[in-house]
Amino acid sequence: MRSVRFQKTEVIPNKIVCVGKNYAAHIEEMGSVPSDQMTVFMKPNACISDQLIAHSGEQIHFEAEICLLIQGGAVAGVGVGLDLTKRATQKRLKDAGLPWERSKAFEGSAVFSHFVDAPASLNDLKLELCVDGEPRQQGGPKQMLYKPHVILEELRSFLPLEDDDIIMTGTPSGVGPVKRGALFEARLLNANEELVSALWRAV
């Protein structure tokens, strides 16, 4: 089983629960429309990697996200992650009305920073992603269609959340292909205070 770091401890998520279509600007850039209900899909533990890959049978696209780590049924930790996607496969599956797992749940499709204690309120969290020094993505709960407390309430209505599960809360606009050798720098802020940062060099 693969692990992530929460403060100074290695923890093992049983699953990664992902929220799709949670930023209006990203929905627009993908040429899609909002869903009637919150869009949810999952990645297994085996997807977790500390290596950012540019190819896995086809071109990989990046989606930076605010991530929540669950303990005791509540948000205990926060971090940043990359939801990696086989975009061509995803389009083919969507067009056919089929599930997305082949495009989302492949090995190495979830890359995370370390996690730190969650602030008392999640409302002022802000994600920033730069690629080769160029700002690419930014966003937070203020731009989300489903705020963190709504995400938790909705997930609890049909899905058991176990200790150390990770929730990926959706991606802002600015997604794109991962290019081999590119340097990805992600930060998570609470108001103006940096909580977490991570660097990944794509291979």
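The values are calculated or read from the model by the stated rules, or taken from the named source; none is laboratory data. Quick caveat, the model's predicted, so the values are computed rather than measured. When we count neighbours, we look across all protein chains shown, and the Cβ atoms used for this are built from the backbone with ideal geometry, even at glycine.
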The lone exception for Ala191 - which of (1) surrounded by fewer than 13 Cβ atoms within 10 Å (Cβ to Cβ); (2) within 14 Å of Val40 (Cβ to Cβ); (3) of a type in the set (A, V, I, L, M) it fails = (2)
Picking from Glu107, Glu154, Glu194, Glu185, the residue that is in a helix (DSSP H, G or I) and either touching a strand residue (DSSP E or B) at 6+ places or on another chain (Cβ under 9 Å) or at pLDDT 95 or above (or both) would be Glu154
Could you tell me whether the range 97-104 includes any residue that is hydroxyl-bearing (Ser, Thr, Tyr), closer than 18 Å to Lys15 by Cα and touching a residue at least 40 places away in the same chain (Cβ under 8 Å)?
-> no
Ser121 versus (1) without any contact (Cβ under 8 Å) to a residue 24 or more places away in the chain; (2) surrounded by 13 or more Cβ atoms within 10 Å (Cβ to Cβ): which is the lone unmet condition?
-> (2)
Would it be correct to say that Pro172 is more than 13 Å from the chain's Cα centre (by Cα) and not in a helix (DSSP H, G or I)?
-> no
Kindly establish whether Leu129 is touching a residue at least 24 places away in the same chain (Cβ under 8 Å) and assigned to a strand (DSSP E or B).
-> yes
When you scan the range 1-41, how many residues do you find that are among the aliphatic types (A, V, I, L, M), surrounded by fewer than 16 Cβ atoms within 10 Å (Cβ to Cβ) and touching a residue at least 12 places away in the same chain (Cβ under 8 Å)?
-> 4
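Are any residues in the range 73-104 of a type outside the set (Ser, Thr, Tyr), part of a strand (DSSP E or B) and farther than 17 Å from Arg187 by Cα, and if so, which ones?
Taking the range 73-104 first, the residues of a type outside the set (Ser, Thr, Tyr) are 73-84, 86-88, 90-102, 104.
Applying the additional criterion that residues be part of a strand (DSSP E or B) yields 74-83, 86.
Of everything in the range 73-104, those that are of a type outside the set (Ser, Thr, Tyr), part of a strand (DSSP E or B) and farther than 17 Å from Arg187 by Cα turn out to be Ala74, Val75, Ala76, Lys86.
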Here the residues within the range 10-40 that are at pLDDT below 95, out of contact with any helix residue (DSSP H, G or I) (no Cβ under 6 Å at 6 or more places or on another chain) and either aromatic (Phe, Trp, Tyr) or within 18 Å of Val111 (Cα to Cα) (or both) are Gly20
Selection from the range 127-166 of residues of a type in the set (S, T, N, Q) and surrounded by 15 or more Cβ atoms within 10 Å (Cβ to Cβ) yields Gln137, Gln138, Gln143
